[in-house]
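> First, the structure itself, so that you have it in front of you.
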Protein chains: 2
Amino acid sequence: MEAEFIHWLRDRLPSHPQLLLGPGDDAAVLRLTRQDGCVVTSDLLNDGVDFRLEQCDPRLIGRKALAVNLSDLAAMAARPVAALVSLLLPRTGALSLAQQLFEGLLPLAEEFHIAIAGGDTNTWDGRLVICLTAIGEVTGSGPLRRAGALPGDEILVTGHFGGSLLGKHLQFTPRVQEALKLHAQYQLHAGTDVSDGLSLDLWNIVSDSGCGALLDLAAIPIDAAACRLAADEGGGRSPLDHALGDGEDFELILAASPEEARRMLQDQPLGTPLTRIETFIAEPGLWTRSVTGLLQRIEPRGWRH
Amino acid sequence: MEAEFIHWLRDRLPSHPQLLLGPGDDAAVLRLTRQDGCVVTSDLLNDGVDFRLEQCDPRLIGRKALAVNLSDLAAMAARPVAALVSLLLPRTGALSLAQQLFEGLLPLAEEFHIAIAGGDTNTWDGRLVICLTAIGEVTGSGPLRRAGALPGDEILVTGHFGGSLLGKHLQFTPRVQEALKLHAQYQLHAGTDVSDGLSLDLWNIVSDSGCGALLDLAAIPIDAAACRLAADEGGGRSPLDHALGDGEDFELILAASPEEARRMLQDQPLGTPLTRIETFIAEPGLWTRSVTGLLQRIEPRGWRH
């Protein structure tokens, strides 16, 4: 089955200026434009945890497998170059499933000008597993790290949060262009993408930066899907709870000085809104201000692996 | 479990001069020494096909997952730089299993001076899956491709073939140093590693090179394990059958001009023997000479995915 699939795939793959030697040999060879910043990341998705094959269009699953990796490159403000796609397919209908996964993945690869540099295709009597590795390169601004937020920096986010389970987790566009644009035009101190939950991923930034964050909960941009989800659930969690903890929003959290943040908020240079959700502070942890003005601790919530 | 495992792992990982930013951020950043030859390859191994978890020391499985990828880099005569390791672990005993896999993998990573640049760790109610991506870089001699063998070139192989199932498939040393040494000291026209079977991987070379191969079956270096396996089976297949078709030998097949091959065979520059198994020819396909001197076709055999 692998030989037939590779034959099909090689007909589909467009050439790419940075792919010197593509799939078919023992390994692929890429040309990078810089020596000092090859950015690499891998994510493994599996049927039952990251998606449910019987409930999903396989094209959306293939697309998601690439999109989550591109989101990691966006989080580093790296320019995507290539991806390797490894599949472990249920034996029955393996070829057709592999083709559908790629039918979903390839348009996204083209949209972001990345080469499919290879991978591995296997069948077994278990459920579908997709492991994707994305390779990018840093720009002249260097990698955007989680460490680097300073007390006094503003906390900015792209887009809206919560309720991604209702559809966005399969159909989001990774914030690659947004991250590259912001990193080129403004001085960013730190950044990450929201995969596990706004509060948990913000917690990662403050942990790595050795500071804390004060959140204006009223300022957090809540997705309409979070409201729908809260209403559907009929009580247990509020839209804000969903926004803080759902995860898979694949939006960006950024740290910038007050002056730079003011410029970014005035310019609004993206197609999606940039919102200030308050400030990094010296005191470690996540905090909000009570109605009486006292600091109250927020526990980070989200998807813990 | 993932957080605890990453904490354990970060304590274990030595620093690496080419790993500018290691696991823990959204992606890793590598420094490569060349722009024109970043070599990438992925292999996915799963319980039931590539190994049987209940019959194996998990350390050998972890080691193998890295070794097969290093063998792909060796096949390109690329210098290994880094690997990303993604695990999908059965929920019960996941942390301990992940640690054992790495206990086996890390010494091999150190032996070949490669950085563990990240990966992904997940649990589920299925069986163990390991997906590993290796990143290397070409040397001044460029990548060693499968395409490039010329009619008249000699076919050289490292080591011995067959019977790897008796142990070698879990304990081989990838021919990285051998490939780098030969590619630096001699002019090689083409090369690959034997993962699927000597005849099948040789078939890949002749297909990509647009030529054929004439084999001296009596010259093929047969591993003692192939003889043991044939004896154990009590008849069906000969040691030569095993040598031609077993796969997972992870030796090298190389093409070089007669003059260059003569030099290599005289020098025997490796710790393992280099053997000539005859000649690339213009006629496509794999061939041997019958006792009457006529060409007889050999069907490539081995592991077809």
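> Are there any chymotrypsin sites (Phe, Trp or Tyr not before Pro) in the range A:209-305 that are in a DSSP loop and have at most 15 other Cβ atoms within 10 Å? List them by number.
Loop-located and lightly packed - A:W303.
> Using a probe of 1.4 angstrom, how much of the accessible area of the range B:1-111 is carbon and sulfur, in percent?
46 percent
> Only four residue types carry charge here, +1 at the Cβ of Lys and Arg and -1 at the Cβ of Asp and Glu. Report the dipole size of the range A:168-305 about the Cα centre in Debye, rounded to the nearest 20.
Taking the Cα centre of the range A:168-305 as origin, the dipole is about 180 debye.
> Placing +1 on the Cβ of each Lys and Arg and -1 on the Cβ of each Asp and Glu in chain A, which of A:L214, A:G48, A:P58 has its Cα farthest towards the positive end of the resulting dipole?
Farthest towards the positive pole: A:L214.
> Return the tail of the calculated pair distribution for chain B, meaning the percent of Cα-Cα pairs more than 36 Å apart.
The proportion of pairs with Cα distances above 36 Å equals 21 percent.
> Then there is this: Suppose we compare each residue of the range B:102-121 in its chain alone and in the full protein complex with a 1.4 Å probe; which ones drop by at least 10 Å² of accessible area?
Those residues are B:G119, B:D120.
> Moving to a separate point now. Roughly what % antiparallel, to the nearest 5, for the DSSP beta bridges in the range A:170-302?
Once the DSSP bridges in the range A:170-302 are tallied, antiparallel ones form about 75 percent.
> Using a 10 angstrom Cβ neighbour count of at most 12 plus a DSSP loop assignment to flag exposed trypsin sites (Lys or Arg not before Pro), which longest range of chain A is free of such sites?
With trypsin sites (Lys or Arg not before Pro) excluded where exposed in loops, chain A gives A:92-303 as its longest stretch.
> Here is a follow-up. Treating only the Cβ of Lys, Arg, Asp and Glu as charged (+1, +1, -1, -1), what charge dipole size does the range B:5-87 show about its Cα centre? Round to the nearest 20 debye.
Dipole magnitude for the range B:5-87 comes out near 320 debye.
> Hey, can you grab everything whose amide H is under 5 Å from the amide H of B:L128? Only 5+ residues off in sequence or another chain; H modelled, so Pro and N-termini drop out.
B:D47
> Explain nothing, just the number: dipole magnitude of the range B:93-250 about its Cα centre with +1 on each Lys and Arg Cβ and -1 on each Asp and Glu Cβ, in debye rounded to the nearest 20.
For the range B:93-250, the charge dipole is close to 120 debye.
> Rounded to a whole number, what % of the accessible area of the range A:151-258 do carbon and sulfur atoms account for, probe 1.4 Å?
50 percent
> Could you report the range B:1-91's accessible area per residue, 1.4 Å probe, as an integer in Å²?
Heavy-atom accessible area per residue stands at 35 Å².
> In addition: Just going by the charge dipole of chain B, with Lys and Arg at +1 and Asp and Glu at -1 on Cβ, which of B:H183, B:F161, B:W124 is farthest out on the positive end?
Looking along the dipole axis, the top candidate is B:H183.
> If you consider only alpha-carbon coordinates, what radius of gyration and Dmax does the range B:207-296 have, in Å?
Rg, Dmax (Cα atoms, Å): 14.8, 42.
> What quantity of accessible surface, computed with a 1.4 Å probe and excluding non-protein components, is buried in total between chains A and B, in Å² to the nearest 100?
Approximately 4500 Å² gets buried when A meets B.
> OK, next. Need one value for A:41-51: mean number of C-beta atoms belonging to other chains within 10 Å of its residues' C-beta atoms.
6
> Sticking with this structure for a sec: Short version: ³J(HN,Hα) in whole Hz for each residue of the range B:186-197, in order, from phi by Karplus 6.51 cos²θ - 1.76 cosθ + 1.60 (θ = phi - 60°), x for Gly and Pro, what are they?
9, 8, 9, 8, 7, x, 7, 10, 9, 9, 9, x
The values are calculated or read from the model by the stated rules, or taken from the named source; none is laboratory data. Small disclaimer: the values here were computed from a predicted structure and weren't measured. All Cβ positions, glycine included, derive from the backbone under ideal geometry; neighbour counts span all protein chains shown. Just so you know, the surface numbers come from the protein's heavy atoms only, side chains and all, with ligands and any DNA or RNA stripped out. Shrake-Rupley method; radii C 1.70, N 1.55, O 1.52, S 1.80 Å.
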